[in-house]
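K.L.:
One structure follows; several queries about it will come next.
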Amino acid sequence: MRVTVGVSGGIAAYKAAELVRALQRQALEVHVVMTEAATRFVQPLTFEALSGNRVITELWDEKGTPMEHIDEALWTEALVVAPATAGILAKFAHGIADDFLTTMYLATKAPVLVAPAMNVNMWEHPATQANLATLSERGVRVIDPGTGDLACGMVGAGRMAEPDTIAEAVLNTLGHRHDLTGETILVTAGGTREALDPVRFLGNRSSGKMGYAIAEAAQARGAKVILVSGPTALYPPSNMEVLKITTADEMRDAVLNRMAEASIVIKAAAVADYRPVVVSEQKLKRTGPMTVELAPTEDILAEVVRRRHPGQLIIGFAAETENIAENGRAKLLRKGADAIVVNDVASANVGIDADNNAVTFLTLSTAIEMPEMPKRKLADRILDEILALRRPKQMVMELDDMQSAASEFVGQRRQIVME
């Protein structure tokens, strides 16, 4: 399969060389297109040596053809831009075609992926966020940047995703696996917020990254996905139905209203366990110590299990800080789900609001350890285990159908003999 890597002018351009290698390891043929600014960070010769192909850097290249931007747009089966600077995102969003990469973007019908990389203030600027929203609505897949130390010396969001993570996204976009075709998967993601007064709420630190990664992975593997999302800064995968909620009650209503459509329900959201009994209509003033009475919210996972349909798989999540395996297994037995995905949220660099995670996939008979890895990669591992649970159920259902057909056949023969 054929992939074009677009490299724009940011310090993360050196990582694009690792991306080319990662794609080649998957037996993909790679072409590289660079903006003029990108050549200030990495020489085209580097990419020519890695890819084995001529690197395109300008529209008016004497070595190319007059319509090379069209030829490349038709040749490629996926265009991935890494790093994607604020400038290139703005040009893509507004249809500005003033170099080879932007012109090719407008000319291609292939899937497009962008891996943004920039200063945290540039990333958070309303113009950049508006451009990302525009691109996402048009079907461009945004591979969210990581958070940490930036080249400018600041700390925050804006680090380009790791090359292996981007390569994984390209592979899934190309549709290497379609083993969830025919499945409808309802995924919950993010946290919920329970109002205390008009400006304050009780909530948690859930970013929604794990749930969004599962939704994205499931869609890439052919499933129809219904994503029920609490408040989050993430962009949902393009062409996916997203139901946005805020409170636990809204989450419950959305899940129960749509679960009948789903063959698999994955409850990855961090739903609040308690809500304030009294919600003030006015902002509470600071007058000294305050006591807030809390009442438990509805147990959505337990209710989903009670209302499950024949053959429907129910997968829950558990965030634990101690006695991880014991608490996870206790929740599995208490809720009656088919599996519980347990993650240790007290561990450093994994779990809530992190880009990586490490979990244990628990069933009544197994405990499968999944070591630390990017959440998008982990999402596929979790789906692999869910599919392994699906197969025995399908075999039982097929056997039941065969037995029913056999019984009907025997009954018909008996009726013929009696007549």
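K.L.:
Would you check which residues across the stretch 346-362 are touching a residue at least 60 places away in the same chain (Cβ under 8 Å) and under 16 Å from Ile266 (Cβ atoms) and list them?
P.N.:
Answer for the stretch 346-362, where residues must be touching a residue at least 60 places away in the same chain (Cβ under 8 Å) and under 16 Å from Ile266 (Cβ atoms): just Asn357.
K.L.:
Which fully enclosed strands (runs of 3 or more DSSP E) of the stretch 229-345 have 1 or more residues being in contact with a helix residue (DSSP H, G or I) (Cβ under 6 Å, 6 or more places away or on another chain), within 20 Å of Ala213 (Cβ to Cβ) and free of Cβ contacts under 8 Å to residues at least 24 places away in the same chain?
P.N.:
Ranges flagged: 241-244.
K.L.:
Kindly indicate which of Ala319, Ala330 is surrounded by 12 or more Cβ atoms within 10 Å (Cβ to Cβ) and farther than 25 Å from Val228 by Cβ.
P.N.:
The match here is Ala330.
K.L.:
Quick check, is Gly10 assigned by TED's automatic domain parsing to the domain that holds Asn131, part of a loop (DSSP other than H, G, I, E, B) and under 19 Å from Val112 (Cβ atoms)?
P.N.:
It is true that Gly10 is assigned by TED's automatic domain parsing to the domain that holds Asn131, part of a loop (DSSP other than H, G, I, E, B) and under 19 Å from Val112 (Cβ atoms).
K.L.:
What's the total number of residues in the stretch 82-107 that are touching a residue at least 40 places away in the same chain (Cβ under 8 Å) and assigned to a loop (DSSP other than H, G, I, E, B)?
P.N.:
Final tally of qualifying residues: 2.
K.L.:
Does Thr360 satisfy the criteria of being crowded, with 16+ Cβ neighbours inside 10 Å, out of contact with any Ser or Thr (no Cβ under 9 Å at 6 or more places or on another chain) and not aliphatic (A, V, I, L, M)? Even if it seems obvious, please write down each step before you answer.
P.N.:
Values: crowded, with 16+ Cβ neighbours inside 10 Å: yes; out of contact with any Ser or Thr (no Cβ under 9 Å at 6 or more places or on another chain): yes; not aliphatic (A, V, I, L, M): yes.
Yes.
K.L.:
Which condition does Met34 not pass, out of (1) closer than 21 Å to Ile166 by Cα; (2) of a type outside the set (S, T, N, Q); (3) surrounded by fewer than 17 Cβ atoms within 10 Å (Cβ to Cβ), if it passes all the others?
P.N.:
Exception for Met34: condition (3).
K.L.:
If you scan the stretch 346-370, which residues turn out to be modelled with pLDDT of 90 or more and touching a strand residue (DSSP E or B) at 6+ places or on another chain (Cβ under 8 Å)?
P.N.:
Once the filter is applied, which keeps residues that are modelled with pLDDT of 90 or more and touching a strand residue (DSSP E or B) at 6+ places or on another chain (Cβ under 8 Å), the stretch 346-370 yields Asn357, Ala358, Val359, Thr360, Phe361, Leu362, Thr363, Ala367, Ile368, Glu369, Met370.
K.L.:
Determine which member of the set Thr46, Thr4 is under 16 Å from Pro163 (Cβ atoms) and either assigned to a strand (DSSP E or B) or outside the structural domain of Thr165 (by TED's automatic domain parsing) (or both).
P.N.:
Thr4
K.L.:
Let me ask another. Report, by residue number, each residue of the stretch 338-353 that is crowded, with 21+ Cβ neighbours inside 10 Å and small (Gly, Ala, Ser).
P.N.:
Ala339, Gly351
K.L.:
Continuing with this model, one more query. So which residues in the stretch 195-228 are in contact with a Phe, Trp or Tyr (Cβ under 9 Å, 6 or more places away or on another chain) and surrounded by fewer than 24 Cβ atoms within 10 Å (Cβ to Cβ)?
P.N.:
Ala195, Leu202
K.L.:
Can you confirm whether the stretch 266-282 contains a residue that is more than 19 Å from Gly230 (Cβ to Cβ), assigned by TED's automatic domain parsing to the domain that holds Val359 and touching a Lys or Arg at 6+ places or on another chain (Cβ under 8 Å)?
P.N.:
no
K.L.:
Now, a different point. When the residues of the stretch 310-330 are narrowed to those that are more than 26 Å from the chain's Cα centre (by Cα) and of a type in the set (Asp, Glu), which ends up modelled with the highest pLDDT?
P.N.:
Of everything passing the filter in the stretch 310-330, Glu326 is modelled with the highest pLDDT.
K.L.:
Right, another one. Is it true that some residue in the stretch 58-76 is surrounded by 13 or more Cβ atoms within 10 Å (Cβ to Cβ), modelled with pLDDT of 95 or more and not in a helix (DSSP H, G or I)?
P.N.:
The answer is no, given that none of the residues of the stretch 58-76 is surrounded by 13 or more Cβ atoms within 10 Å (Cβ to Cβ), modelled with pLDDT of 95 or more and not in a helix (DSSP H, G or I).
K.L.:
Tell me, which residue of the stretch 168-189 that is crowded, with 24+ Cβ neighbours inside 10 Å and over 12 Å from the mean Cα position of the chain (by Cα) is nearest to Glu385 (Cα to Cα)?
P.N.:
Per the criteria, the residue is Ile185.
The values are calculated or read from the model by the stated rules, or taken from the named source; none is laboratory data. Note that the structure is a prediction, hence the values are computed from the model and not measured. Using ideal geometry, Cβ is built from the backbone for each residue, glycine included, and neighbour counts are taken over all protein chains shown.
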